[in-house]
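J.: Before anything else, here's the structure in question.
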Amino acid sequence: MLDFVQQLVSGVALGCVYGLIALGFVLVYKATEVVNFAQGDLMMLGGFFAFTFIGMMGLNYWIGFAGAVAAMALFGMVAERVVVRPILGYPQFSIIMVTIGLGYFLRSIAGMIWGTDDLKIETPFSQGVLRMGSLVLAYDKLSVIAATMILCTLLWLFFNKTTLGTAMRASSENMLAAYYMGIPVKRVVSIVWAISAAVATCAGVLLAPITFIHSNVGLVLGLKAFPAAVLGGFGSIPGAVVGGVLIGVIESMAGFYLPEGWKDVAPYLVLLAVLLLKPEGLFGLHVRKKV
């Protein structure tokens with residue numbers, strides 16, 4: 001039973017990281033109908049920025065964390081303006097290929113600047129453990145879960161209780177109608193990309209105590225986060241987080257209880273099973289087409 005609880009907590013913590021990356025997928029898709037396959041690489045770049053500020057420059061953890069989030073938010077706005085906006089309106093395949101190319105570019109730049117070695121960020125939660133009888137839970141995993149809950153709450157408040165958040169939701173529902181109502185749609189889309197990059201950075205920094213940061217970590221985790229977004233329903237913000245947690249828990253349990261090799265396969269098998277029964281995802285809206 002203790003092993004089950006520990007694997008459950010580990011799976012939820014890893015799933016929270018998947019969920020935050022998946023959240024970036026969903027935010028960009030809802031605002032622009034663009035699937036940003038560089039989302040995982042934005043997480044990787046944010047992790048490297050945090051390592052630079054905290055590990056190399058010696059800044060306080062929280063100041064370095066905030067600096068990395070701010071830097072990546074600015075980078076997200078620049079990427080949207082320079083890379084994505086000029087090709088909006090072109091076929092979806094072209095836009096997807098551009099985001100894939102952006103991911104390759106970011107991985108190459110990260111390898112040239114920070115090298116190919118695995119890096120780790122020391123955090124205030126790296127060493128401690130919570131003991132409850134015979135159960136031992138690491139603070140780094142609990143901190144990931146707590147931070148994800150706080151971040152999701154802040155995002156919910158932002159999107160539902162602020163004027164800018166309401167404008168973003170209006171733009172995601174109908175961009176043309178929002179434009180006619182006086183909403184600065186282009187600026188809203190840039191801010192969405194900034195938020196998406198900032199959330200990805202939070203995922204990268206939270207991941208640092210659990211695993212290492214390297215130039216290919218964004219590709220690996222992005223391939224796990226994308227199915228999480230699909231599992232939850234690609235247009236659903238809560239679904240992205242729930243889907244990420246489910247993928248993380250399934251992966252953790254499969255790695256512990258099933259033979260070697262099932263850890264990476266089991267989440268995709270569950271995804272296929274869910275989509276066969278509910279093609280729109282767990283939280284997606286079902287649209288019935290007339291024939």
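J.: Of the residues that make up region 260-271, is at least one among the basic types (Lys, Arg) and touching an Asp or Glu at 6+ places or on another chain (Cβ under 8 Å)?
T.: Yes, some residue in region 260-271 is among the basic types (Lys, Arg) and touching an Asp or Glu at 6+ places or on another chain (Cβ under 8 Å).
J.: Taking into account only those residues within region 33-71 that are outside any helix (DSSP H, G or I), open to solvent by 10 Å² or more (accessible area, probe 1.4 Å) and within 20 Å of GLY218 (Cα to Cα), which is modelled with the highest pLDDT?
T.: PHE37
J.: Moving to a separate point now. Can you give me the number of residues within region 107-124 that are assigned to a loop (DSSP other than H, G, I, E, B), loosely packed, with under 14 Cβ neighbours inside 10 Å and not acidic (Asp, Glu)?
T.: So the answer is 3.
J.: Let me ask something additional. Restricting attention to region 73-95, which residues are part of a helix (DSSP H, G or I), touching a residue at least 24 places away in the same chain (Cβ under 8 Å) and open to solvent by less than 80 Å² (accessible area, probe 1.4 Å)?
T.: Hits for region 73-95 are ALA73, PHE75, GLY76, MET77, ALA79, GLU80, VAL84, ARG85, ILE95.
J.: Same structure, new question: Mind checking which pairs have a first residue in region 258-272 that is part of a helix (DSSP H, G or I) and a second that is acidic (Asp, Glu), Cβ under 7 Å, 6 or more apart or different chains?
T.: From residues that are part of a helix (DSSP H, G or I), the pairs are LYS263/GLU251; ALA266/GLU251; PRO267/GLU251.
J.: Which residues, counting only those in region 218-239, are under 22 Å from ALA50 (Cβ atoms) and surrounded by 24 or more Cβ atoms within 10 Å (Cβ to Cβ)?
T.: GLY218, LEU221, GLY222, ALA225
J.: Considering each residue of region 213-242, count those that are under 15 Å from GLY40 (Cβ atoms) and part of a helix (DSSP H, G or I), and give that number.
T.: 15
J.: Of ARG187, ARG169, which residue is of a type in the set (Lys, Arg), farther than 23 Å from GLY103 by Cα and at pLDDT 85 or above?
T.: Result: ARG187 is the single residue among ARG187, ARG169 that is of a type in the set (Lys, Arg), farther than 23 Å from GLY103 by Cα and at pLDDT 85 or above.
J.: Among (1) of a type in the set (A, V, I, L, M, F, W, C); (2) open to solvent by less than 30 Å² (accessible area, probe 1.4 Å); (3) out of contact with any Gly (no Cβ under 6 Å at 6 or more places or on another chain); (4) farther than 20 Å from ALA13 by Cα, there is one condition VAL98 misses while meeting the rest; what is its number?
T.: (2)
J.: Looking only at region 100-114, which residues are closer than 15 Å to VAL83 by Cβ and among the β-branched types (Val, Ile, Thr)?
T.: Of everything in region 100-114, those that are closer than 15 Å to VAL83 by Cβ and among the β-branched types (Val, Ile, Thr) turn out to be ILE100, ILE109.
J.: Another question, if that's okay. So ALA197 fits all but one of (1) open to solvent by 10 Å² or more (accessible area, probe 1.4 Å); (2) modelled with pLDDT of 80 or more; (3) under 30 Å from GLY128 (Cα atoms); (4) hydrophobic (A, V, I, L, M, F, W, C); what number is the exception?
T.: The failed condition is (1).
J.: Of the residues PHE25, PHE4, PHE75, only one is modelled with pLDDT of 90 or more and among the hydrophobic types (A, V, I, L, M, F, W, C); which?
T.: PHE75
J.: Restricting the search to region 136-175, which residues are among the polar types (S, T, N, Q) and surrounded by 18 or more Cβ atoms within 10 Å (Cβ to Cβ)? So that I can check it myself, show each step before the final result.
T.: Of region 136-175, the ones among the polar types (S, T, N, Q) are 143, 148, 153, 160, 162-163, 166, 171-172, 174.
Of everything in region 136-175, those that are among the polar types (S, T, N, Q) and surrounded by 18 or more Cβ atoms within 10 Å (Cβ to Cβ) turn out to be SER143, THR148, SER171, SER172.
J.: While we're looking at this one, here's another question. Among the residues of region 235-254, how many are modelled with pLDDT under 85 and either in contact with a Ser or Thr (Cβ under 9 Å, 6 or more places away or on another chain) or farther than 30 Å from LEU157 by Cα (or both)?
T.: Of the residues in that region, 1 qualify.
J.: Within region 143-163, work out how many residues are touching a helix residue (DSSP H, G or I) at 6+ places or on another chain (Cβ under 7 Å) and not polar (S, T, N, Q). Spell out the reasoning first.
T.: Filtering region 143-163 for residues touching a helix residue (DSSP H, G or I) at 6+ places or on another chain (Cβ under 7 Å) gives 144-145, 147-148, 151-152, 158-159.
Filter again for not polar (S, T, N, Q), leaving 144-145, 147, 151-152, 158-159.
Number of matching residues: 7.
J.: What's the number of the condition ALA208 fails, among (1) at pLDDT below 85; (2) open to solvent by 50 Å² or more (accessible area, probe 1.4 Å); (3) over 13 Å from the mean Cα position of the chain (by Cα)?
T.: (2)
The values are calculated or read from the model by the stated rules, or taken from the named source; none is laboratory data. Predicted model, so just to flag it, every value in this text is computed and none were measured. In this analysis, Cβ positions are derived from the backbone assuming ideal geometry, glycine residues included, and neighbour counts consider all displayed protein chains. Just the protein is used for accessible areas: all its heavy atoms, side chains included, with ligands, DNA and RNA removed. Shrake-Rupley method; radii C 1.70, N 1.55, O 1.52, S 1.80 Å.
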